[in-house]
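S.K.: Before we start, here is the structure in question, set down as structure tokens.
The values are calculated or read from the model by the stated rules, or taken from the named source; none is laboratory data. Quick caveat, the model's predicted, so the values are computed rather than measured. Virtual Cβ from ideal backbone geometry, glycine too; neighbours counted across all protein chains shown. Side chains are part of the model used for accessible areas, which takes the heavy atoms of the whole protein and leaves out ligands, DNA and RNA. Shrake-Rupley method; radii C 1.70, N 1.55, O 1.52, S 1.80 Å.
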Amino acid sequence: MRAVVTVIGKDRTGIIYNVSKILAENEVNIEDISQTVMHDFFTMIMLVDMSNMSVDFNVLKNALETVGEDIGMSIRIQHEDLFNAMHTI
Amino acid sequence: MAMFKDVLETVRMIEKERLDIRTITMGISLLDCIDSSGAKSRQKIYDKITRLAENLVKEGERIENELGIPIVNKRISVTPISLIAGSSDDLNYVEYAKILDAAAATVGINFIGGFSALVPKGFTKGDRILIDSIPEALATTNCVCSSVNLGSSKAGINMDAVKRLGEVIKETAYLTRNADSIGCAKFVAFANAVEDNPFMAGAFHGVGEAESVLNVGVSGPGVVKRALEKAQDASFGEMAEIIKKTAFKITRAGHLVGTTVAERLNVPFGILDLSLAPTPEIGDSVARILEEMGLEHCGTHGTTAALAMLNDAVKKGGIMASTSVGGFSGAFIPVSEDEGMIEAVECGALTFDKLEAMTSVCSVGIDMVAIPGDTPASTISGILADEAAIGVINNKTTGVRVIPVYGKDVGDTAEFGGLLGRAPIMPINKNDCSVFVNRGGQIPAPIHSFKN
């Protein structure tokens with residue numbers, strides 16, 4: 001099962017480190033990363049595989065949201081299905 | 001994986017434009033709860049609802065979390081209670097409403113619909129008792145919603161029901177006078193009622209439906225408005241295209257949520273209702289979409305055409321996105337639940353008569369309109385008859401949810417709170433229609449040829 005992690009906020013050091021640390025700790029594999037920085041505004045989208053995830057989805061979600069608050073970024077994780085449903089025919 | 005910009009678009013729709021799933025509504029048949037003993041029947045009803053819907057809220061919240069899209073309401077619709085209670089000896093069905101309320105509280109939902117009767121062509125004993133029980137039922141319960149289907153394109157309009165329901169609405173307003181007559185906000189009188197509608201107050205589980213199904217109502221006026229904002233110089237054809245594409249995406253999200261919840265609850269997925277449903281929140285208004293098309297205020301000349309175009313384009317986009325479209329599937333224009341409508345009424349741009357005209361091109365009728373508390377029952381019946389006529393003649397669903405707010409008059413505002421919002425009291429025509437309403441009988445079914 002795959003999910004999309006979206007990280008949005010003001011650019012700073014250590015964003016990818018902080019997010020990927022949580023993912024690695026919970027056995028979530030990163031399959032793809034895209035990111036841009038425009039006018040100091042950082043946007044990153046990660047496609048992650050949760051097949052071997054060691055915790056419940058909600059635990060991971062809370063951990064990501066907490067780290068998001070710590071580093072002042074908005075971090076969301078959503079099942080990939082929603083995006084595929086809305087944007088493919 | 002969806003493209004970068006697609007992901008961001010979805011996130012923006014949810015975070016900034018209030019994209020949400022308005023409701024997941026579980027339809028439950030109560031036909032096997034019929035019993036000659038009212039008490040036994042009610043016990044069966046309670047047991048069945050609490051058994052089948054035990055995990056509705058839990059699974060709804062789980063999917064909300066996983067997909068990251070809010071599901072605002074979790075609700076239940078049941079078989080019209082007049083059909084269930086009719087075989088008992090009870091002379092009052094308020095206890096049935098109370099057991100529905102208790103079941104709703106147990107499973108943690110906010111509304112349960114189906115305290116209903118279907119009388120387009122006449123009353124059964126159960127229908128009469130149910131209709132007489134509506135005011136007390138709505139005054140003594142929190143979550144129960146009631147509806148009556150009083151006309152259809154096949155049968156015409158039951159004018160005896162029209163007359164009686166005018167009185168019922170007045171009685172309900174009086175019994176809930178301490179809360180701005182809020183009981184009336186939980187009652188709809190329909191013509192051509194649909195059997196699979198997930199939206200309240202008019203949801204019920206029709207007799208042609210399966211044992212239990214999961215229906216979904218989507219939302220998204222804010223998303224449509226934002227899409228149109230980006231196309232200021234668009235022609236009508238271009239606007240229609242933008243609305244269609246947006247409706248497609250909204251519908252896909254709804255379809256995914258509906259099918260996933262249904263699968264996890266192990267019930268069949270029923271229908272997806274495409275209606276654009278507003279809320280009183282800023283940025284979630286159907287009126288503002290119409291204004292975005294170039295109207296100074298909703299209600300001015302051009303409003304009916306704008307609404308017709310919007311409604312049609314939403315359907316076209318939605319139909320492509322899901323094969324299970326049903327319910328009303330049209331834009332809703334409730335006054336109290338739409339911040340733009342409220343403002344349009346307050347500034348005098350939107351009148352009762354214009355609202356009536358607008359209902360001829362969209363669902364679902366005169367909805368959440370507060371009128372003076374001293375409005376005679378016969379005038380309310382006249383309003384019901386007019387709306388029913390629009391529905392019956394045009395082969396569409398129409399409904400009336402008016403609130404004659406006890407003790408209030410034009411210039412006052414009724415406060416319902418939450419999703420029901422607030423409503424400025426609207427002036428209505430003061431001329432008498434009681435002789436017309438009191439005639440009784442049936443307006444015959446209309447001819448379905450020579451359409452003009």
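S.K.: Restricting to region B:206-236, what's the tally of residues that are out of contact with any Lys or Arg (no Cβ under 9 Å at 6 or more places or on another chain), of a type outside the set (D, E, K, R) and over 30 Å from B:V267 (Cβ atoms)?
M.R.: Count: 7.
S.K.: Something else about it: Which of the residues belonging to region A:45-65 are within 29 Å of B:A321 (Cβ to Cβ), aliphatic (A, V, I, L, M) and more than 7 Å from chain B (Cβ to nearest Cβ)?
M.R.: Passing the criteria: A:M46, A:V48, A:M50.
Here's the yes/no breakdown for (1) more than 23 Å from B:K396 (Cα to Cα); (2) aliphatic (A, V, I, L, M):
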position	(1), (2)
B:T172	yes, no
B:N192	no, no
B:V224	yes, yes
B:A231	yes, yes
B:I242	yes, yes
B:A247	no, yes
B:I250	yes, yes
B:V261	yes, yes
B:L265	yes, yes
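S.K.: I'd like to check which strands (runs of 3 or more DSSP E) are fully inside region B:164-276 and have at least 2 residues that are within 30 Å of B:G382 (Cβ to Cβ).
M.R.: Correct list: B:187-191.
S.K.: Based on this model, can you work out whether B:S235 counts as among the polar types (S, T, N, Q), assigned by TED's automatic domain parsing to the domain that holds B:D338 and modelled with pLDDT under 95?
M.R.: no
S.K.: Identify, from the list B:E9, B:E17, the residue that is within 9 Å of chain A (Cβ to nearest Cβ) and either buried (at least 16 other Cβ atoms within 10 Å of the Cβ) or at pLDDT below 95 (or both).
M.R.: B:E9
S.K.: Another question about this same structure. Condition (residue is within 24 Å of B:L256 (Cβ to Cβ), out of contact with any Gly (no Cβ under 8 Å at 6 or more places or on another chain), of a type outside the set (D, E, K, R) and at the interface with chain B (Cβ under 10 Å from one of its Cβ atoms)) applied to region A:7-29: is it met by at least one residue?
M.R.: yes
S.K.: Please tell me if B:G283 is part of a loop (DSSP other than H, G, I, E, B) and either open to solvent by 30 Å² or more (accessible area, probe 1.4 Å) or touching a strand residue (DSSP E or B) at 6+ places or on another chain (Cβ under 9 Å) (or both).
M.R.: yes
S.K.: Provide a single number: the residues in region B:111-152 that are small (G, A, S) and open to solvent by 10 Å² or more (accessible area, probe 1.4 Å).
M.R.: At the first step, the residues of region B:111-152 found to be small (G, A, S) are B:113-114, B:116-117, B:122, B:126, B:133, B:137, B:139, B:146-147, B:151-152.
Okay, now just the ones that are also open to solvent by 10 Å² or more (accessible area, probe 1.4 Å), so B:122, B:139, B:152.
Summing the residues that are small (G, A, S) and open to solvent by 10 Å² or more (accessible area, probe 1.4 Å) in region B:111-152 gives 3.
S.K.: Would you call B:I319 open to solvent by 10 Å² or more (accessible area, probe 1.4 Å), part of a helix (DSSP H, G or I) and over 19 Å from B:I366 (Cβ atoms)?
M.R.: Details: open to solvent by 10 Å² or more (accessible area, probe 1.4 Å): yes; part of a helix (DSSP H, G or I): yes; over 19 Å from B:I366 (Cβ atoms): yes.
So B:I319 passes the test.
S.K.: Can you tell me which residues in region A:7-39 are at pLDDT 90 or above and hydrophobic (A, V, I, L, M, F, W, C)?
M.R.: A:V7, A:I8, A:I15, A:I16, A:V19, A:I22, A:L23, A:A24, A:V28, A:I30, A:I33
S.K.: May I pose another question? So is B:S41 outside any loop (DSSP other than H, G, I, E, B), in contact (Cβ under 8 Å) with a residue 40 or more places away in the chain, within 21 Å of the chain's Cα centre (by Cα) and assigned by TED's automatic domain parsing to the domain that holds B:V119 or not? Even if it seems obvious, please write down each step before you answer.
M.R.: Working: outside any loop (DSSP other than H, G, I, E, B): yes; in contact (Cβ under 8 Å) with a residue 40 or more places away in the chain: yes; within 21 Å of the chain's Cα centre (by Cα): no; assigned by TED's automatic domain parsing to the domain that holds B:V119: yes.
No.
S.K.: Only residues that are open to solvent by less than 60 Å² (accessible area, probe 1.4 Å) and closer than 23 Å to B:R12 by Cβ: list them for region A:31-56, please.
M.R.: A:S34, A:T36, A:F42, A:T43, A:M44, A:I45, A:M46, A:L47, A:V48
S.K.: Exactly one condition in (1) open to solvent by 40 Å² or more (accessible area, probe 1.4 Å); (2) within 14 Å of chain A (Cβ to nearest Cβ); (3) in contact (Cβ under 8 Å) with a residue 60 or more places away in the chain is not met by B:N55; state its number.
M.R.: So B:N55 meets the others, but not (2).
S.K.: Still on this structure, I have one more. In this structure, is B:P268 open to solvent by 30 Å² or more (accessible area, probe 1.4 Å) and closer than 27 Å to B:G206 by Cβ?
M.R.: Spelling it out, B:P268 is indeed open to solvent by 30 Å² or more (accessible area, probe 1.4 Å) and closer than 27 Å to B:G206 by Cβ.
S.K.: Filter region A:66-81 down to the residues that are in a helix (DSSP H, G or I) and within 11 Å of chain B (Cβ to nearest Cβ) and list them by number. Spell out how you get there, then give the answer.
M.R.: In the first step, residues of region A:66-81 are kept if they are in a helix (DSSP H, G or I); the result is A:66-71, A:80-81.
The answer is A:E80, A:D81.
S.K.: Here is a check on your reading of the model: is B:L118 in contact (Cβ under 8 Å) with a residue 60 or more places away in the chain, in contact with a strand residue (DSSP E or B) (Cβ under 9 Å, 6 or more places away or on another chain) and not acidic (D, E)?
M.R.: So B:L118 fits the description; yes.
S.K.: In addition: Is there any pair with a first residue in region B:311-323 that is farther than 12 Å from B:K249 by Cα and β-branched (V, I, T) and a second that is modelled with pLDDT under 95 and open to solvent by less than 80 Å² (accessible area, probe 1.4 Å) whose Cβ atoms are under 9 Å apart and which are 6 or more apart or on different chains, and what are they?
M.R.: As it stands, the answer is B:T323/B:H255, since those pairs meet every condition given.
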